[in-house]
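Some notes on the structure that comes next.
We did not get these values from a lab; they are worked out from the coordinates using the rules stated. Everything quoted here is computed from the prediction, not taken from an experiment. Here the Cβ positions follow ideal geometry from the backbone for every residue, glycine too, while neighbour counts run over all protein chains shown.
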Amino acid sequence: HYTFFSEMQRWPQGTKELTYAFEPHNDLDGVVKGVFSKAFKRWSKVTTITFRETTSFESADLKIGFYTGNHGDGEPFDGVLGTLAHAFSPTNGRFHLDGAENWVATGNVMASSLSSAVDLETVAVHEIGHLLGLGHSSVEEAVMYPTIGTRTRKVKLAHDDIQGIQVLY
Ligand code: TQI
Ligand code: ZN
Ligand code: ZN
């Protein structure tokens, strides 16, 4: 069953659109940005919120960036595997990914020759759930389930994820 981050933290009632931006220094390519766009669409389909990319990192609601090791928020990344990413609860909006992971943005993570390959969209969908206010689910099929293997892809929202987010939005 789904849970909430804490005390039903959510974006303000009536929020119709949230903007997102990428850390300018990361210089991400279109393939990577496309993965985030697809991940956001999965949540906008089942809520009343839409997501729009902006180039203004400072003023965006959701701030996405890849960082390694200590990056200034007291939650350092740990290199390959372990922590893959973290997101803060509403309305902080920070979404950090561990730049040391072997990210696969093409969707064919199962075919990767690297045993440590991690599917970017899978992690993005999960972390966006946190950004919107969901905690972890006890339902194994849910994208908000707290563990996943490497070379695994789980990007489709389960009924449990949808039920949880629709309590909030
Ligand atoms: N990062 C954890 C996560 O997002 C951070 C975390 C640890 C956390 N404990 C928490 C967040 C308690 C909220 C509440 O869950 S992670 C997965 C999964 C991670 C894990 O790097 O371990 C995904 C990031 F579910 F697959 F294991 C993304 Cl998809
Ligand atoms: Zn961080
Ligand atoms: Zn999580």
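In cubic angstrom, how much convex hull volume per residue do the alpha carbon atoms of the range 97-140 span?
In the range 97-140, the Cα convex hull volume per residue is 94 Å³.
Which of His126, His71, His136 moves the most in a Gaussian network model of the chain with Cα springs under 10 Å?
Its mean-square fluctuation being the largest, the pick is His71.
Taking only Cα atoms and a 10 Å spring cutoff, compute GNM fluctuations for the chain and point out the largest among Glu17, Glu101, Glu75.
Looking only at Glu17, Glu101, Glu75, the largest GNM fluctuation is found for Glu75.
So what's the back-of-envelope 222 nm ellipticity for the chain, counting only DSSP H runs of four-plus at -39500 (n - 2.57) apiece and dividing by all residues, rounded to 500?
Estimated from H runs of four or more residues: -7000 deg cm²/dmol.
Quick one: putting +1 on the C-beta of Lys and Arg, -1 on the C-beta of Asp and Glu, what dipole do you get for the chain around its Cα centre, in Debye to the nearest 20?
With Lys and Arg at +1 and Asp and Glu at -1, about 580 debye.
Return the sequence-ordered ³J(HN,Hα) values of the range 17-28 in whole Hz as given by the Karplus equation 6.51 cos²θ - 1.76 cosθ + 1.60 applied to θ = phi - 60°, using x for Gly and Pro.
Ordered by residue, 3J(HN,Hα) equals 9, 10, 9, 9, 9, 9, 3, x, 6, 6, 6, 6 Hz.
Normalised by the residues of the range 17-168, what does the relative contact order come to in percent, with Cα pairs under 8 Å and at least six apart?
21 percent
At a threshold of 8 angstrom on Cα-Cα distance, excluding pairs fewer than six apart, so keeping six or more, what relative contact order does the range 74-121 reach in percent?
Relative contact order here is 30 percent.
Please build a GNM for the chain, connecting alpha carbons under 10 Å apart, and tell me which residue among His25, His86, His130 fluctuates the most.
Result: His25 has the largest fluctuation of those listed.
Could you tell me the largest-minus-smallest coordinate of the C-alpha atoms of the chain on each of the three principal axes, in descending order and whole angstroms?
Over the chain, Cα extents along the principal axes are 43, 36, 30 Å.
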